[in-house]
Every structure is written in C-alpha cells, then in structure tokens.
Amino acid sequence: MGAHQTIVATTRSLNQAQSLKQIRKGLQVPGVLFARGLNPSTPIFIQRKEANVILATGERVLDMVIDGKKEMVNLTEVQREPSSGKLVHMSFHLLKAGEKTHASIPVHILGKAIGEKTGGLVQLVLKEIDIKALPKDLPEFIEIDVSGLDIGDHLAIKDIKLPTGVELYNMKPETNVVACKPPAKEEAVSEVAADANAEPEVIGKEKAKEE
C-alpha cells in the first residue's frame, strides 16, 4: 500500500486555558483518539487548517504523529455545526498491527467511459466502500476503471477487484458503485415516452363496476 496522509496532533488537558483560547480563535479543532487498553481515549488537538486539508482528500486511514510518536489511525467521525458547516470535532481509532480492522475507503474513478463520448455522464453512486483488513493492507483509496462503460452500464461492488488482503465488510456485493447515465435531455424524453405508453385510467369503467 502507498503512504498514507499524515496528520499532526497534540494531547490536550480539558482544563488547559491556553488550549481553550486556541479553540475560541478557531485555530485548533478538538478531537479524541480511541484505543484499547488502560487508556481507552485520549483528548487531542489538531490544527484546523491541517484538518481541512486532510478532509478534502476524502481519506480515512491516516498516519497520526501525536506528541512526536507516529501511529496509524482510522478517522471514524467528523462533527460540524449544522448552520455554518464549521468543523467542531473529530474522532479517531488507533489501529494495531496484526489486528484486522474495518474502515470506509473512498472510491476514485479511473479512465474515461465509452459513453461519455456520446454525451453520457459518469455518476459515482457510492463514494466509499466498507472493507476489513490488517492495517498494513488498508488502501488509501479504491480505484475503479470505468473506461469500458457505455450509456446504461454500471459497475457493482462485485465487479471490483479489491487489493490483496482486503475483504468486503458488511456490504452487499450487488450494490452499485458507478453508472454511466444518458444525457439529461435523453432521460427526460424517455420518461415522457414511458408516460405516453402507460395505459390511461378509464374512470367510466371503474364507475360502471361500482354500480
């Protein structure tokens, strides 16, 4: 697997006045790192600018440098203010070597579909796939080659070759991931044609039956 994105965190004390001041200024985002053992959760801080950069990549499995020590973590939850969308909290889980874990991995489209040459639109139906693997085998993303798709075609999870050591987790293989849709005008015409071919409701007949 390729190198994961790196995020830097520092442990925090819930009563640190300086840390609270940084939060009020909006420079840092509070978070928590969950782990098994004697210390099941560690409060942390992450620089807001760095957090936003990481979130923009869509990656969930990351290398975290916390107080100078490098760990592999899984980003499991992101909280935002409902009105403004401002990032307010992040949750991570520590990954242990030799122990399988499950994670949501972003999907990346590769290639240009045949159908796009005639006006088709490639639509990513599923942005993430839930998988299970050892930390060393967790991919940054899962690539899907759409170059063979024509208008009306689609690819499901079962059509994707997962990396070695990676297995599907709690998802149906038949779930669609990406599709090549017809142009918007063509879709509208198809819907109109379908309505035209539909059998009209004969109100008189229904009334006669009721009588």
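Given segment 103-197 reduced to its alpha-carbon atoms as identical point scatterers, what log10 I(q)/I(0) does the Debye formula return at q = 0.12, 0.17, 0.23 Å⁻¹?
-0.45, -0.76, -1.10
With labels modelled as points extended 7 Å from the Cα through the Cβ direction, what inter-label distance (nm, one decimal) is found for Glu174 paired with Lys158?
Placing both labels 7 Å beyond Cα along the Cβ direction yields 0.8 nm.
List the pairs from Lys69/Lys96; Lys112/Lys132; Lys49/Lys136; Lys100/Lys161 whose alpha-carbon separation is above 26 Å, in the order I gave them. The partial results should precede the final answer.
Numbers: Lys69/Lys96 14 Å; Lys112/Lys132 29 Å; Lys49/Lys136 28 Å; Lys100/Lys161 19 Å.
Pairs exceeding the cut-off: Lys112/Lys132; Lys49/Lys136.
Taking other Cβ within 10 Å of each residue's Cβ, how do Met72, Met64 sort, fewest first?
Going from sparsest to densest Cβ surroundings: Met72, Met64.
Ratio of Rg to Rh for segment 54-152, alpha carbon only, Kirkwood?
Rounded to two decimals, Rg over Rh is 1.08.
What is the local net charge at Leu110, summed over the other residues whose Cβ is closer than 10 Å to its Cβ (Lys, Arg +1; Asp, Glu -1)? Don't skip to the answer; put the middle values down first.
Details: positive: Lys112; negative: Glu143, Asp145.
Net charge around Leu110: -1.
Just rank Lys70, Lys132, fewest to most, by other beta-carbon atoms within 10 angstrom.
The fewest-first ordering by Cβ neighbours comes to Lys70, Lys132.
Taking a quarter of the surface of the Cα convex hull of segment 81-133, what do you get in nm²?
Working: hull surface 27.4 nm².
Reported value for the Cα convex hull: 6.8 nm².
Any read-out appearing in this document is the output of simple, stated calculations on the displayed coordinates, not a laboratory observation. If you're wondering where the values come from, they're calculated on a predicted model, not measured in any experiment. As a convention, Cβ positions derive from the backbone with ideal geometry for all residues, glycine included, and neighbour counts pool all protein chains shown.
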